[in-house]
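Peer 1: Before we start, here is the structure in question, set down as structure tokens.
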Amino acid sequence: MVLSHAASGGSSDDSVHSTFASRYVRASLPRYRMPENSIPKEAAYQIINDELMLDGNPRLNLASFVTTWMEPECNKLMMDSINKNYVDMDEYPVTTELQNRCVNMIAHLFNAPLGETETAVGVGTVGSSEAIMLAGLAFKRRWQNKMRAAGKPCDKPNIVTGANVQVCWEKFARYFEVELKEVKLSEGYYVMDPEKAVEMVDENTICVAAILGSTLNGEFEDVKMLNDLLVKKNEETGWDTPIHVDAASGGFIAPFLYPELEWDFRLPLVKSINVSGHKYGLVYAGIGWCIWRSKEDLPDELIFHINYLGADQPTFTLNFSKGSSQVIAQYYQLIRLGFEGYRNIMDNCQENAMVLKEGLERTGRFNIVSKDQGVPLVAFSLKDSSRHDEFEISEFLRRFGWIVPAYTMPPDAQHVTVLRVVVREDFSRTFAERLVIDIEKVLHELDALPSRSSGPSLQHPNGDTVSEKDLARQREVVSVWKRAVAARKKTQGVC
């Protein structure tokens, strides 16, 4: 007798069903509560993988400075070490050694005043945000100790920065109760003015923060001028106000493209530097570094010692447990590429940025806001935004897959709106040329659409008058398109 499929019990075996015909994809999954029952691993994978397809393509995310490509060998190293908890130094001593090697290599790259056998002072962090928190705490504690020793109040510390600083500086100020004194920007000058910054320094200033690679337009601030002006003011006042350099974006660029530029520990008032390994350090997101000039610049009372993981282990981080993969990947990149490899990559990024800049200039429609010397990016704004603006260009470019942010400048240049394209290692010459072509297509489409502030009639580019009916229809199309874009558009930062 031949049994039917149902009689044999086959209908209850999910493995015989098509993935997309199984009951696990035929009903909505719970979004706010854990489901009562388990599902097969294949179904869980497929459901999550399919939903992730709705994300943007990281390679085309030109808003981000963060690395989106690494070599397969490095990817394998990361996956092989993903189960190691970095904080357990006694259990994973080789990983700890690799972190220490990275700290020393980066310190020497930044010209730290170290002897041949002297160990650098620094730590790996989750990113530059954590590194800045640690550097800021060190400055605050050193200032408090100095003020207490002099019998002076130490309850109103402040820090001087430009208004172009990344949001992590605002977080530090708010979290750790430090007044943030910002040097306002002005149209055409989008970085901190060193003279204005030094004027704002007082006895309660724990440090002045300079940015090597502004998030807004990639420009390097003049750390050398800041150092010289601050040295003079310190001599006049008897203070010893130091400098921290936020080199999150530029720290892995300046040593290779501009080796003669003085911004690092060659300047005597630079006491600490942070850099993002996951930006132009060429590692996936999750790694930053903070380097101090000397042991005296990192107060001992901020370093904790633990012994319950097997041995005495010093630690100075905001996080405790964290993965080892990014530390190992950073060491891979440093020894794999060496100085020569990093220089070649940064040269290529800069060349591709120039190709993009020249292509935009040929359109005759944009002002270039970024500088040739700085982070390899192109920031640009419309010469005429009376009909359509930069935000519309950003939205329309998403149709081609490009994620290009549009944003306004900080005070007092908030009336200036810019678009920004960050050129990373995986942004090729072909990408640069293709992006220019797509921007030209977007401009042509926008030229054919009604202005945001159009009246009852509109003159079409070909000279014909657009009827009220056609105008209403065009506006409806634009409105529907904008709603569709907004529905899937993620919140865009500028970091």
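The values are calculated or read from the model by the stated rules, or taken from the named source; none is laboratory data. Here the structure is a predicted model, which means the values were calculated and not measured. Here the Cβ positions follow ideal geometry from the backbone for every residue, glycine too, while neighbour counts run over all protein chains shown.
Peer 1: For the stretch 236-256, name all the residues that are outside any loop (DSSP other than H, G, I, E, B), touching a residue at least 24 places away in the same chain (Cβ under 8 Å) and either of a type in the set (A, V, I, L, M, F, W, C) or out of contact with any strand residue (DSSP E or B) (no Cβ under 9 Å at 6 or more places or on another chain) (or both). Outline the logic, then answer.
Peer 2: Residues of the stretch 236-256 that are outside any loop (DSSP other than H, G, I, E, B), as a first pass: 236-237, 243-246, 254-256.
If we keep only those that are touching a residue at least 24 places away in the same chain (Cβ under 8 Å) too, we end up with 237, 243-246, 254-256.
The answer is 237, 243, 245, 254, 255, 256.
Peer 1: Are any residues in the stretch 60-81 in contact with a helix residue (DSSP H, G or I) (Cβ under 7 Å, 6 or more places away or on another chain) and of a type outside the set (A, V, I, L, M, F, W, C), and if so, which ones?
Peer 2: 68, 81
Peer 1: Which one of these does residue 345 not meet: (1) in contact with a strand residue (DSSP E or B) (Cβ under 7 Å, 6 or more places away or on another chain); (2) within 22 Å of residue 58 (Cβ to Cβ)?
Peer 2: (1)
Peer 1: May I pose another question? Return a yes/no flag: does the stretch 342-357 have any residue that is closer than 21 Å to residue 390 by Cβ and touching a Ser or Thr at 6+ places or on another chain (Cβ under 9 Å).
Peer 2: Scanning the stretch 342-357 turns up at least one residue that is closer than 21 Å to residue 390 by Cβ and touching a Ser or Thr at 6+ places or on another chain (Cβ under 9 Å).
Peer 1: Please enumerate the residues belonging to the stretch 236-282 that are among the charged types (D, E, K, R) and more than 19 Å from the chain's Cα centre (by Cα). First the steps, then the outcome.
Peer 2: Taking the stretch 236-282 as the starting set, the residues that turn out to be among the charged types (D, E, K, R) are 236, 240, 246, 260, 262, 264, 266, 271, 279.
Within the stretch 236-282, 236, 240, 260, 262, 264, 266, 271 qualify.
Peer 1: If you take the residues in the stretch 257-301 that are among the hydroxyl-bearing types (Ser, Thr, Tyr) and assigned to a loop (DSSP other than H, G, I, E, B), which one is farthest from residue 86 (Cα to Cα)?
Peer 2: In this case the residue turns out to be 258.
Peer 1: If residue 233 satisfies all but one of (1) under 25 Å from the mean Cα position of the chain (by Cα); (2) part of a helix (DSSP H, G or I), what's the number of the condition it fails?
Peer 2: (1)
Peer 1: When the residues of the stretch 333-349 are filtered to those that are surrounded by fewer than 19 Cβ atoms within 10 Å (Cβ to Cβ) and not hydrophobic (A, V, I, L, M, F, W, C), which remaining residue is nearest to residue 285 (Cα to Cα)?
Peer 2: Here the answer is 336.
Peer 1: Scan the stretch 248-261 and give yes if some residue there is surrounded by 16 or more Cβ atoms within 10 Å (Cβ to Cβ), assigned by TED's automatic domain parsing to the domain that holds residue 109 and closer than 27 Å to residue 146 by Cβ, otherwise no.
Peer 2: Checked against the condition, which is being surrounded by 16 or more Cβ atoms within 10 Å (Cβ to Cβ), assigned by TED's automatic domain parsing to the domain that holds residue 109 and closer than 27 Å to residue 146 by Cβ, the stretch 248-261 yields no hits at all.
Yes/no per residue for (1) within 18 Å of residue 65 (Cβ to Cβ); (2) within 22 Å of the chain's Cα centre (by Cα); (3) assigned to a helix (DSSP H, G or I):
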| site | (1), (2), (3) |
| --- | --- |
| 386 | no, no, no |
| 395 | no, yes, yes |
| 398 | no, yes, yes |
| 414 | no, yes, no |
| 419 | yes, yes, no |
| 424 | yes, yes, no |
| 436 | no, no, yes |
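Peer 1: Would you check if there is a residue in the stretch 390-399 being touching a residue at least 12 places away in the same chain (Cβ under 8 Å), buried (at least 22 other Cβ atoms within 10 Å of the Cβ), under 16 Å from residue 60 (Cα atoms) and basic (Lys, Arg)?
Peer 2: There is no residue in the stretch 390-399 that is touching a residue at least 12 places away in the same chain (Cβ under 8 Å), buried (at least 22 other Cβ atoms within 10 Å of the Cβ), under 16 Å from residue 60 (Cα atoms) and basic (Lys, Arg).
Peer 1: Just the residues that are of a type in the set (A, V, I, L, M, F, W, C), in contact with a helix residue (DSSP H, G or I) (Cβ under 7 Å, 6 or more places away or on another chain) and more than 11 Å from residue 125 (Cα to Cα), please, taken from the stretch 271-290. I'd like the intermediate steps shown before the answer.
Peer 2: Keep residues of the stretch 271-290 that are of a type in the set (A, V, I, L, M, F, W, C), which gives 273, 275, 282-283, 285, 287, 289-290.
Cutting the leftovers down to in contact with a helix residue (DSSP H, G or I) (Cβ under 7 Å, 6 or more places away or on another chain) gives us 275, 282-283, 287, 289-290.
Residues satisfying the conditions are 282, 283.
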